[in-house]
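Here the structure is laid out as structure tokens; the discussion comes afterwards.
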Amino acid sequence: MSYEWTPSSHLIAEGIDSDTMGLFSGPTFGEELSSADPHAPTITLFIRNILLEADGDMKAFRAEARRTYLHELGHYLGLEEDALDARGLA
């Protein structure tokens with residue numbers, strides 16, 4: 001788990017939206033690390049974007065941070081967007 005203020009210019013250049021609130025990277029559960037991508041699975045939360053979504057309200061911020069974390073955890077477990085949406089995590 002890591003925290004960043006916003007997505008880096010490198011991530012944006014790779015196609016990540018500047019207003020993204022969270023990102024899962026690395027192999028999903030059950031996949032082995034490869035020599036091509038030896039990075040461990042990581043969930044990154046983008047604090048500024050979650051705060052903006054919550055309109056500065058700390059209770060809403062905590063709820064959105066939790067929802068975003070669970071969304072990215074779902075990606076780690078191999079769930080696609082439609083499965084996350086069905087669980088109220090889109």
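The values are calculated or read from the model by the stated rules, or taken from the named source; none is laboratory data. Computed from a predicted structure; not experimentally measured. Note that we place each Cβ from the backbone using ideal geometry, even for glycine, and neighbour counts take in every protein chain shown.
Observations on the model:
- Residue pairs whose Cβ atoms lie under 6 Å apart, sitting 6 or more positions apart in sequence or on different chains, and linking a residue in segment 62-90 that is in contact (Cβ under 8 Å) with a residue 24 or more places away in the chain and surrounded by 12 or more Cβ atoms within 10 Å (Cβ to Cβ) to a partner that is part of a loop (DSSP other than H, G, I, E, B) and of a type in the set (Val, Ile, Thr), are Tyr76/Thr28.
- Applying the criterion of being among the aromatic types (Phe, Trp, Tyr) and at pLDDT 95 or above to the residues of segment 1-29, the residue that is nearest to the chain's Cα centre (by Cα) is Phe24.
- Sole exception among (1) part of a strand (DSSP E or B); (2) more than 15 Å from the chain's Cα centre (by Cα) for Glu32, by number: (1)
- Qualifying residue in segment 3-14 (condition: part of a strand (DSSP E or B), in contact with a helix residue (DSSP H, G or I) (Cβ under 9 Å, 6 or more places away or on another chain) and over 20 Å from Asp85 (Cα atoms)): yes
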